[in-house]
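Enquirer: Pasting a structure here, questions to come.
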């Protein structure tokens with residue numbers, strides 16, 4: 001019996017049945033078939049507990065949402081204290097929490113002028129794309145093939161058709177996609193001087209974290225400047241110290257016209273996202289401040305949490321911890337790739353953003369399952385299932401990191417076995 | 001305006017950032033310890049040498065800052081203490097190898113060193129920099145990471161000293177985070193960290209309350225209690241030399257070392273000689289009136305007068321209403337007979353030495369036993385040539401070190417004797433402590449013993465032990481070691497608050513730092 005006070009379920013099976021009936025049959029059956037039928041019950045730190053009681057170390061983190069782990073006590077304390085004073089607030093009016101948080105965010109990126117808030121990453125992308133159109137008076141948006149920017153109108157149109165076609169939401173006339181790491185393809189499109197914005201994840205997450213080639217992002221930015229296109233960095237997965245610096249673009253020496261962040265910004269306990277813009281791009285905020293409205297965007301509780309998230313990330317102890325975790329997995333994975341080179345063929349890494357490549361078109365699905373069976377939860381990349389997204393948190397401790405490596409090593413024989421079956425079936 | 005607005009208090013409660021940061025420091029230390037435990041002996045000694053050098057260079061500057069911040073002690077003497085904790089300390093332990101496996105072929109035993117991991121160390125206000133230096137050096141030599149928590153009254157200089165050493169260590173290849181210091185310590189913070197399962201051992205030097213809390217934390221602890229050293233001056237002693245030792249010891253850093261003599265006892269027949277010798281060594285020997293005034297000044301109804309800690313003899317004389325020569329180095333109140341109840345027989349962390357005289361050696365010994373119980377397990381001194389009495393004295397008093405014909409402050413702490421140089425003086429079982437000797441790096445390492453059967457063949461010589469310490473240096477850190485946090489003025493403890501904190505701690509410890 002799982003009695004939660006407000007509702008209860010007889011068993012995990014009972015829950016799965018109801019979830020399929022009332023919520024999302026596709027997702028319920030997908031995870032069951034994938035061999036990872038997780039229903040997260042308790043969660044604490046970097047640990048998840050399935051309804052069965054099975055403990056999993058979380059290396060999915062929902063793309064960095066749980067950067068600090070689940071229910072980080074300090075962030076929970078902040079939100080609780082906020083609830084004694086604030087609620088979501090009234091988005092029409094200036095507010096102390098929003099002003100303070102905006103100032104704090106802008107201070108992390110001095111060439112920016114304004115922070116515009118949303119409730120999720122897609123909304124922040126939406127704001128960025130609209131802002132680019134406003135600033136350039138052009139309509140077209142360019143992104144990369146297999147990019148991912150969210151699921152709302154403009155953001156989904158900017159991403160892979162995997163998520164837009166089914167809803168007839170692709171907009172091929174206004175949304176153009178070019179191959180990643182191909183600077184000539186980008187120039188061919190931008191040179192027509194009718195593109196409002198070029199949006200790119202600093203390291204494309206859903207594509208499996210392929211690393212931008214040396215100078216690629218810089219060249220993209222230069223082309224944007226040359227042809228009057230706004231350069232937008234999607235930092236939803238690369239921001240918040242995950243690449244070893246506050247924002248991924250800082251590590252590449254860029255100065256985007258706008259960047260968007262979300263996920264971990266709300267500490268995993270209150271959803272909030274932001275689009276930061278330069279003074280020039282954000283001029284609509286002077287012309288018509290109510291042009292974009294969001295009831296839950298920039299909710300004051302989220303601002304309070306976000307404010308504290310930034311403060312925590314700036315602590316020297318956290319900066320140092322990120323370096324230790326990154327260094328640990330760099331060394332550990334180099335060792336693993338040697339031991340398991342028959343299936344494990346590549347590591348893509350920047351900071352605590354890692355993509356692990358396996359030698360099979362759906363290799364990461366098998367590895368994800370093998371890891372799950374060995375107490376580690378890491379998800380495959382939706383748009384490149386050869387690659388496992390491997391995303392350690394910024395305050396992971398040494399013992400848990402060692403445990404992850406040990407469990408990874410232990411999971412490899414099972415992954416090998418699963419891959420063999422998949423090859424035979426193919 | 002609302003009441004809250006007029007009071008200007010925060011409208012929301014804010015989590016204790018310092019506590020959170022301290023926990024993160026412990027996490028960072030665990031990372032450093034993970035890598036440092038495999039360092040080779042050469043790499044360890046290179047780091048130790050670099051840290052010693054860096055510490056020596058700034059010994060005088062930090063001594064000055066420590067006196068300015070705490071108001072305790074003498075710059076010149078603190079400089080000496082700080083320096084002693086650099087090259088001298090390192091030289092003392094240079095040949096103690098805590099890194100290389102030990103092979104005992106005869107007994108068919110191999111011992112592999114296993115460092116503790118993360119050391120959490122408390123440092124007192126009276127010896128702030130010397131303690132930081134000393135404990136950091138112990139951690140380095142034993143391949144441990146250390147997080148220091150200074151006394152709030154000495155936090156600025158302690159953090160600065162720790163940062164300075166950390167930079168030197170990292171520049172020589174030590175992992176980032178090997179030496180860290182809590183920047184804004186508080187009692188709840190210290191209690192939280194002491195109880196954390198993330199630390200490996202606590203080094204508690206401080207007030208009794210803190211030391212007891214360390215032992216109650218559930219973590220392994222090496223804590224030591226307060227002292228109340230008695231010096232016995234036998235008629236066989238060279239009285240002038242003994243007097244010089246006593247004056248030198250009591251004047252050293254104005255007696256803030258817990259090893260300083262509290263009471264000098266001699267025999268009645270020798271008292272006159274002793275007084276004369278003390279006078280010529282620079283002491284002001286009090287008459288009955290002066291003794292009374294001093295007693296009244298030093299011991300109030302709230303206990304020992306904390307204002308007097310670490311102050312000079314002339315400063316105290318002036319406050320107590322004594323007229324003394326400006327060159328006076330120590331004050332010597334005289335209590336005619338060695339009773340147990342005179343307040344002047346208690347610990348005094350200031351240059352005041354109570355002189356008394358017994359009828360015979362037996363009475364002196366009985367008195368010494370009782371008096372040192374107030375500082376049980378700590379130190380005592382013996383001046384004289386009668387070795388039978390020396391043995392009887394040492395056997396009788398409940399202390400773990402008896403300094404002979406030398407100043408006790410420096411002698412028991414290992415600077416004027418061949419005892420291990422230390423600012424953490426083990427007070428052993430008698431003083432409710434887990435160690436009875438001077439704390440050294442060997443206390444922070446335990447050994448895994450590989451033991452063959454007595455009658456089975458064992459070719460120990462052929463075993464390759466190189467893998468035990470890889471000796472690899474740290475890769476260049478991708479990001480430099482963190483800058484010190486800038487303290488907001490409002491977060492600083494005010495002078496009153498500071499006084500209150502010290503009072504609070506010292507009141508509970510009834511005497512001083514160990």
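The values are calculated or read from the model by the stated rules, or taken from the named source; none is laboratory data. The model shown is predicted, which means the values in this text are computed figures rather than measured ones. Cβ coordinates were reconstructed from backbone atoms using ideal geometry, including for glycine residues, and neighbour counts include every protein chain displayed.
Enquirer: Is there a residue in the stretch B:400-413 that is more than 22 Å from residue B:278 (Cα to Cα) and either surrounded by fewer than 23 Cβ atoms within 10 Å (Cβ to Cβ) or free of Cβ contacts under 8 Å to residues at least 12 places away in the same chain (or both)?
Expert: Looking for residues that are more than 22 Å from residue B:278 (Cα to Cα) and either surrounded by fewer than 23 Cβ atoms within 10 Å (Cβ to Cβ) or free of Cβ contacts under 8 Å to residues at least 12 places away in the same chain (or both), one finds none in the stretch B:400-413, hence no.
Enquirer: Could you please find all residues in the stretch A:326-335 being under 20 Å from the mean Cα position of the chain (by Cα) and at the interface with chain B (Cβ under 8 Å from one of its Cβ atoms)?
Expert: Applying the first criterion (under 20 Å from the mean Cα position of the chain (by Cα)) to the stretch A:326-335 yields A:326, A:329.
Scanning the stretch A:326-335 gives a single hit, A:326.
Enquirer: Out of all the residues in the stretch A:298-325, which are surrounded by fewer than 24 Cβ atoms within 10 Å (Cβ to Cβ) and more than 12 Å from chain B (Cβ to nearest Cβ)?
Expert: A:310
Enquirer: Name the residue, out of B:444, B:439, that is buried (at least 24 other Cβ atoms within 10 Å of the Cβ) and in contact with a strand residue (DSSP E or B) (Cβ under 9 Å, 6 or more places away or on another chain).
Expert: Working: B:439 fails: buried (at least 24 other Cβ atoms within 10 Å of the Cβ).
Result: B:444 is the single residue among B:444, B:439 that is buried (at least 24 other Cβ atoms within 10 Å of the Cβ) and in contact with a strand residue (DSSP E or B) (Cβ under 9 Å, 6 or more places away or on another chain).
Enquirer: Now, a different point. Can you tell which of B:375, B:426 is assigned by TED's automatic domain parsing to the domain that holds residue B:361 and either out of contact with any strand residue (DSSP E or B) (no Cβ under 6 Å at 6 or more places or on another chain) or modelled with pLDDT of 95 or more (or both)?
Expert: B:375
Enquirer: Of all residues in the stretch B:375-389, count the ones that are part of a helix (DSSP H, G or I) and surrounded by 21 or more Cβ atoms within 10 Å (Cβ to Cβ).
Expert: Looking only at that region, the number is 1.
Enquirer: Looking only at the stretch A:381-426, which residues are assigned to a loop (DSSP other than H, G, I, E, B) and more than 30 Å from residue B:199 (Cβ to Cβ)?
Expert: Hits for the stretch A:381-426 are A:382, A:383, A:426.
Enquirer: Looking at B:52, B:48, B:33, B:63, can you tell me which residue is within 13 Å of chain A (Cβ to nearest Cβ), part of a helix (DSSP H, G or I), in contact (Cβ under 8 Å) with a residue 60 or more places away in the chain and closer than 26 Å to residue B:122 by Cβ?
Expert: Working: B:52 fails: within 13 Å of chain A (Cβ to nearest Cβ); B:48 fails: within 13 Å of chain A (Cβ to nearest Cβ); B:63 fails: within 13 Å of chain A (Cβ to nearest Cβ).
Checking each option against the conditions leaves just B:33.
Enquirer: Further question: For the stretch A:207-244, which positions are over 15 Å from the mean Cα position of the chain (by Cα), without any contact (Cβ under 8 Å) to a residue 60 or more places away in the chain and under 30 Å from residue A:345 (Cα atoms)?
Expert: A:212, A:213, A:214, A:215, A:216, A:217, A:218, A:219, A:220
Enquirer: What about residue B:449, is it assigned by TED's automatic domain parsing to the domain that holds residue B:84 and not in a helix (DSSP H, G or I)?
Expert: Answer is yes for this residue.
Enquirer: As an exercise: evaluate residue A:3 against (1) more than 18 Å from residue A:373 (Cα to Cα); (2) touching a helix residue (DSSP H, G or I) at 6+ places or on another chain (Cβ under 7 Å) and give the number of the one condition it does not meet.
Expert: For residue A:3, the exception is condition (2).
Enquirer: Please determine whether any residue of the stretch A:45-62 is within 14 Å of chain B (Cβ to nearest Cβ), more than 24 Å from residue A:233 (Cα to Cα) and surrounded by 19 or more Cβ atoms within 10 Å (Cβ to Cβ).
Expert: Yes, because at least one residue in the stretch A:45-62 is within 14 Å of chain B (Cβ to nearest Cβ), more than 24 Å from residue A:233 (Cα to Cα) and surrounded by 19 or more Cβ atoms within 10 Å (Cβ to Cβ).
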